[in-house]
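What follows is a set of notes on a single structure, which appears directly below.
The values are calculated or read from the model by the stated rules, or taken from the named source; none is laboratory data. Quick caveat, the model's predicted, so the values are computed rather than measured. As a convention, Cβ positions derive from the backbone with ideal geometry for all residues, glycine included, and neighbour counts pool all protein chains shown. Calculation scope for accessible area: heavy atoms of the full protein, side chains included, ligands and nucleic acids excluded. Shrake-Rupley method; radii C 1.70, N 1.55, O 1.52, S 1.80 Å.
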Amino acid sequence: MENPITEQIFAEVDAIPESTYVWHWKTEHHFSFHKHNKGQLTYVEGGVAFLYTRDKTYFLPARHYMWVPAGVEHYFVHRYPANYVRNIYFYAEPGDNDDPFYSKTGSYPVNNLLLEMILYTGQWDGHITPGDKRFTFLKAMKEMLPEISKTPLPINLPTTDHPRLQPVLRYIHENLAENLTLDVIGHEFSLSERTLTRLFRNTMDISFFQYLKLARMIRALGYLLETRKTVNEIAWDTGYNSVSAFSNTFYKLIGKRPSEFQHKDQREPEEPDITL
């Protein structure tokens, strides 16, 4: 349920339906679940974040942006203070229904062109309406997103409010470095392996082992970006006894080896020289 402050803030985002609303902020904000009638592009400059929807958790690493479709209830949590959180709320139009990109939540790599465009909007704030020359710039940005965003980051976690499964999920996340098995979890919560297996499948349409693997990979992504831990240390800290097994699992899910992901150049380009 939205709190009054959150509701007031995002009512302003929707106040002019045909506008694109630009909002960049540096101070920490904590919002409850909320939704709006505009599609949202969020880029966390110098940080990482998690997006929570009613049924999934998405990881937003450095050099990626998150697209949140209009009408999707969500909130963000930032793992540590970012330089800026850059938000652009794009107007909806009938043609959006013709492209599946606009209706799917996802985290996508930011190429140099899009990043320069996002950074350039840092000098703007509030509603930008048709007729304003800046609107043409933002319209071009919105329309290029489906073309440059073909492959979302292939990792997210289902969530649930099931009363028997919620404490199990918390326990898993608090003990990812341990040898977690159905037997271990079942003993901790007095559940048979069969019952636990059925709870995961019926409630979240995922197996216990699939969930555990994804949870460990998301934790690993955070370690790779937020800490100076070695790949070996991260493997142990996410419950892997074999660095090669960790690396192979990471590669199958992310498409890069952990060392490649960790050492990727994360520096931001200088503000582009664009005159409107």
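Listing for the model above:
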{"item": "Among (1) in contact with a His (Cβ under 6 Å, 6 or more places away or on another chain); (2) open to solvent by less than 10 Å² (accessible area, probe 1.4 Å) - the single one Tyr21 does not satisfy", "result": "(2)"}
{"item": "Filter result for Asn37 (over 29 Å from Met217 (Cβ atoms), touching a Gly at 6+ places or on another chain (Cβ under 8 Å) and among the polar types (S, T, N, Q))", "result": "yes"}
{"item": "In the range 171-207, the residues that are within 22 Å of Gly222 (Cβ to Cβ), open to solvent by 100 Å² or more (accessible area, probe 1.4 Å) and either assigned to a helix (DSSP H, G or I) or of a type in the set (Lys, Arg) (or both)", "result": "Glu174"}
{"item": "Candidate set: the range 258-272, residues that are within 17 Å of Gly222 (Cβ to Cβ) and under 20 Å from the mean Cα position of the chain (by Cα); chosen: the one modelled with the highest pLDDT", "result": "Pro258"}
{"item": "Subset of the range 12-60 (residues that are among the aromatic types (Phe, Trp, Tyr) and within 26 Å of Met204 (Cα to Cα))", "result": "Phe31, Phe33, Phe50, Tyr52, Tyr58, Phe59"}
{"item": "Of the criteria (1) modelled with pLDDT of 90 or more; (2) more than 20 Å from Ser107 (Cα to Cα), which one Glu2 fails", "result": "(1)"}
{"item": "Which numbered condition Lys142 fails, given (1) under 26 Å from Met66 (Cβ atoms); (2) in a helix (DSSP H, G or I); (3) out of contact with any strand residue (DSSP E or B) (no Cβ under 9 Å at 6 or more places or on another chain); (4) open to solvent by less than 30 Å² (accessible area, probe 1.4 Å)", "result": "(3)"}
{"item": "Of residues in the range 150-165 being within 22 Å of Gly222 (Cβ to Cβ), assigned to a loop (DSSP other than H, G, I, E, B) and among the hydrophobic types (A, V, I, L, M, F, W, C), the one most open to solvent (accessible area, probe 1.4 Å)", "result": "Leu153"}
{"item": "Selection from the range 181-200 of residues that are among the acidic types (Asp, Glu) and in contact (Cβ under 8 Å) with a residue 12 or more places away in the chain", "result": "Glu188"}
{"item": "Matching residues, the range 44-81, being open to solvent by 20 Å² or more (accessible area, probe 1.4 Å) and in a loop (DSSP other than H, G, I, E, B)", "result": "Gly46, Arg54, Asp55, Ala62, Arg63, Ala70, Gly71, Val72, Glu73, Arg79, Tyr80, Pro81"}
{"item": "Criterion violated by Phe250 - all others in (1) touching a Phe, Trp or Tyr at 6+ places or on another chain (Cβ under 7 Å); (2) buried (at least 18 other Cβ atoms within 10 Å of the Cβ) satisfied", "result": "(1)"}
{"item": "Count of residues meeting criterion [assigned to a helix (DSSP H, G or I) and open to solvent by less than 60 Å² (accessible area, probe 1.4 Å)] in the range 89-115", "result": "6"}
{"item": "Unmet criterion (only one of (1) among the aliphatic types (A, V, I, L, M); (2) within 27 Å of Val13 (Cα to Cα); (3) crowded, with 16+ Cβ neighbours inside 10 Å) for Val168", "result": "(2)"}
{"item": "Breaking point among (1) of a type in the set (Ser, Thr, Tyr); (2) in contact with a Leu (Cβ under 6 Å, 6 or more places away or on another chain); (3) touching a residue at least 60 places away in the same chain (Cβ under 8 Å), for Thr203", "result": "(3)"}
{"item": "Qualifying positions in the range 116-126 - open to solvent by less than 40 Å² (accessible area, probe 1.4 Å), more than 11 Å from Arg86 (Cα to Cα) and part of a helix (DSSP H, G or I)", "result": "Met117"}
